[in-house]
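K.L.:
Okay, here's the structure, questions in a sec.
The values are calculated or read from the model by the stated rules, or taken from the named source; none is laboratory data. Just so you know, these numbers come straight off a predicted model, no measurement behind them. Reconstructed Cβ throughout: ideal geometry from the backbone, glycine too, with neighbour counts over all protein chains shown.
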Amino acid sequence: MAAVAKQLGCEVEVYDFADKWTYVEADLYGVYVSTPDVHTSIAILKWLKEKGAEKVSAGGPHATLMPKECLEAGFDAVCVGDGEVGFPKILKGERIAVGWLKNIDESPHPDRSCVDLKSYDFKVGDVQSTSMMTCYGCIWSKCAFCCRPPHDLLRFHSADWVIEDLKQISDLGFRGVMIYDDEFFTYPKRDRQIIKELGRMEFSWRCFGHARWILRNKQLVNEASENGLRGVLIGAESGSRQILETINKGSNPQMNREAIRLLSSKGVSVKAAMVVMLPGESPETLSETWQFCEDVEPYVDDWDFTMLAPYPGSKIFEMPEKFDLRFDKRDVYKAYKGSGTECWEPPKISTSKLSFQEGLKWRDALEQRFKFKNKMEF
């Protein structure tokens, strides 16, 4: 967004409020709003208004999904969709500025000079790194817990655009990068060019992967492992085949086992993401998850155990009864990852066979046993 604003002749300053809230005088303030951080974003909005800000706009995923709610919270304008299209409309006075790029190569490369990226302790392996994205949207986009607006279609940057972005990252002195696409290994003809360039430039890199496409494109994964790929996060979610079918994940426990073992055999570090309290969760399904974790433990280097957070726009949020879920829709603007994230609380979600308290105990036990290696049974 900084690059877009500068193209339009604006002077831009970017502030990260994680450590310190900073006020400067400006004609327009933009606040990024994600669903887990809604309450914090609204607090920032109110703080800016108290300081004298006249116009504060909201952008980001939650703003795209819930624009009227953002206006009701006090934002003066909301960007829905791609900021490259919506931001110029906000400058012209539109309150809800909607826009989507057809060709995302028209988007400028991020202006990484606006932030001191090297002040962040972010590494891939032992290499100081930064982030990038090579596409918008998700190739699967059918998961019941996923919330996506209808126009958020899968759009890829060309290999040339991505390679130019890598050159700019390299010129800043980085030799590591995290690719934040929902899934990589989905567009072999293009991805192969990017992978070769990552190897040629001697980047260490990580990405997200889906078992379906990892197994479909094994040769591509092999080439990636030979060209700097250091780690992949796989959203395995559950060890229960029934639950994965219910949420329409597009994979099953056996596919996830095979993908994890394949990556490990290539020397690629694997992080497995698991979710507790998915639709139909029970002691039996969580026992299956426990067994799955034991099966793949020799091949997994790190774990992420979360409680399900039903977000607006997802099927499970709109039709909880269909998915055997019970939760207060006013209580879901938060997320929970357990240890190290004390500022987040888990939404109080239950199923017909498992209370919220029981589910939370399962999550904590899974984390202690597999992430922290505290040998225990549950």
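K.L.:
Can you name the residue in the range 181-197 that is acidic (D, E) and in contact with a Leu (Cβ under 8 Å, 6 or more places away or on another chain) and, of all such residues, is surrounded by the most Cβ atoms within 10 Å (Cβ to Cβ)?
P.N.:
From the range 181-197, those acidic (D, E) are 181-183, 191, 197; that's our starting set.
Then drop every residue that is not in contact with a Leu (Cβ under 8 Å, 6 or more places away or on another chain), which leaves 191, 197.
On the way: D191: 24, E197: 17.
Checked the range 181-197; the qualifying residue surrounded by the most Cβ atoms within 10 Å (Cβ to Cβ) is D191.
K.L.:
Could you tell me which of the residues L48, L101, L91 is in contact (Cβ under 8 Å) with a residue 12 or more places away in the chain, in contact with a strand residue (DSSP E or B) (Cβ under 8 Å, 6 or more places away or on another chain) and either in the same structural domain as R190 (by TED's automatic domain parsing) or within 22 Å of K6 (Cα to Cα) (or both)? Working first, answer last.
P.N.:
Values: L48 fails: either in the same structural domain as R190 (by TED's automatic domain parsing) or within 22 Å of K6 (Cα to Cα) (or both); L91 fails: in contact with a strand residue (DSSP E or B) (Cβ under 8 Å, 6 or more places away or on another chain).
Just one listed residue meets the conditions, L101.
K.L.:
Among the numbered conditions (1) crowded, with 20+ Cβ neighbours inside 10 Å; (2) of a type in the set (K, R); (3) more than 19 Å from the chain's Cα centre (by Cα), tell me where K249 comes up short.
P.N.:
Every condition holds for K249 apart from (3).
Yes or no, residue by residue, for (1) polar (S, T, N, Q); (2) touching a residue at least 12 places away in the same chain (Cβ under 8 Å); (3) surrounded by fewer than 17 Cβ atoms within 10 Å (Cβ to Cβ):
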residue: F87; (1), (2), (3): no, yes, no
residue: E106; (1), (2), (3): no, yes, yes
residue: C114; (1), (2), (3): no, yes, yes
residue: A144; (1), (2), (3): no, yes, no
residue: D171; (1), (2), (3): no, no, yes
residue: M178; (1), (2), (3): no, yes, no
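K.L.:
Which of the residues belonging to the range 1-29 are crowded, with 16+ Cβ neighbours inside 10 Å and either without any contact (Cβ under 8 Å) to a residue 40 or more places away in the chain or in contact with an Asp or Glu (Cβ under 7 Å, 6 or more places away or on another chain) (or both)?
P.N.:
A2, A3, V4, A26, Y29
K.L.:
Taking L244 as the residue in question, decide whether it is free of Cβ contacts under 8 Å to residues at least 12 places away in the same chain and surrounded by 19 or more Cβ atoms within 10 Å (Cβ to Cβ). Walk me through it before giving the result.
P.N.:
Working: free of Cβ contacts under 8 Å to residues at least 12 places away in the same chain: yes; surrounded by 19 or more Cβ atoms within 10 Å (Cβ to Cβ): yes.
Considered against the rule, which asks whether it is free of Cβ contacts under 8 Å to residues at least 12 places away in the same chain and surrounded by 19 or more Cβ atoms within 10 Å (Cβ to Cβ), L244 comes out as yes.
K.L.:
Which residues, taken from the range 128-142, are aliphatic (A, V, I, L, M) and buried (at least 17 other Cβ atoms within 10 Å of the Cβ)?
P.N.:
Taking the range 128-142 as the starting set, the residues that turn out to be aliphatic (A, V, I, L, M) are 132-133, 139.
Scanning the range 128-142 gives M132, I139.
Here's the yes/no breakdown for (1) part of a strand (DSSP E or B); (2) in contact with a Phe, Trp or Tyr (Cβ under 7 Å, 6 or more places away or on another chain):
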residue: V24; (1), (2): no, no
residue: P36; (1), (2): no, yes
residue: I44; (1), (2): no, yes
residue: L48; (1), (2): no, yes
residue: A63; (1), (2): no, no
residue: E69; (1), (2): no, no
residue: V80; (1), (2): yes, no
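K.L.:
If you scan the range 338-371, which residues turn out to be part of a loop (DSSP other than H, G, I, E, B) and at pLDDT 95 or above?
P.N.:
Step one: list which residues in the range 338-371 are part of a loop (DSSP other than H, G, I, E, B), which gives 338-349, 351-355.
If the condition is that a residue be part of a loop (DSSP other than H, G, I, E, B) and at pLDDT 95 or above, then I349, T351, S352, K353, L354, S355 are the ones that fit.
K.L.:
Can you find even one residue in the range 216-237 that is small (G, A, S), within 18 Å of T306 (Cα to Cα) and under 23 Å from the mean Cα position of the chain (by Cα)? Break it down stepwise before answering.
P.N.:
So in the range 216-237, the residues small (G, A, S) come out as 224-225, 228, 231, 235-236.
Still in the list and also within 18 Å of T306 (Cα to Cα): 235-236.
Applying the additional criterion that residues be under 23 Å from the mean Cα position of the chain (by Cα) yields 235-236.
So far as the range 216-237 goes, yes, one or more of its residues are small (G, A, S), within 18 Å of T306 (Cα to Cα) and under 23 Å from the mean Cα position of the chain (by Cα).
K.L.:
Answer yes if at least one residue in the range 332-340 is closer than 23 Å to G209 by Cβ and touching a Leu at 6+ places or on another chain (Cβ under 6 Å), and no otherwise.
P.N.:
no
K.L.:
Suppose the filter is assigned to a loop (DSSP other than H, G, I, E, B) and not assigned by TED's automatic domain parsing to the domain that holds E69; does W161 pass it?
P.N.:
Details: assigned to a loop (DSSP other than H, G, I, E, B): no; not assigned by TED's automatic domain parsing to the domain that holds E69: yes.
Here the answer is no, as W161 does not meet what is asked.
K.L.:
Only residues in the range 52-80 that are within 14 Å of Y32 (Cα to Cα) and assigned by TED's automatic domain parsing to the domain that holds Y32 count as the first member; pair them with residues that are of a type in the set (S, T, N, Q) and part of a loop (DSSP other than H, G, I, E, B), Cβ under 6 angstrom, at least 6 apart or cross-chain, and list the lot.
P.N.:
As it stands, the answer is G60/S34; P61/S34; H62/S34, since those pairs meet every condition given.
K.L.:
Okay, next question. Which of the residues spanning the range 281-291 are buried (at least 21 other Cβ atoms within 10 Å of the Cβ) and not acidic (D, E)?
P.N.:
Correct list: T285, L286, T289.
K.L.:
Please specify each residue of the range 113-127 satisfying the condition of being under 14 Å from M178 (Cβ atoms) and among the basic types (K, R).
P.N.:
Once the filter is applied, which keeps residues that are under 14 Å from M178 (Cβ atoms) and among the basic types (K, R), the range 113-127 yields only K123.
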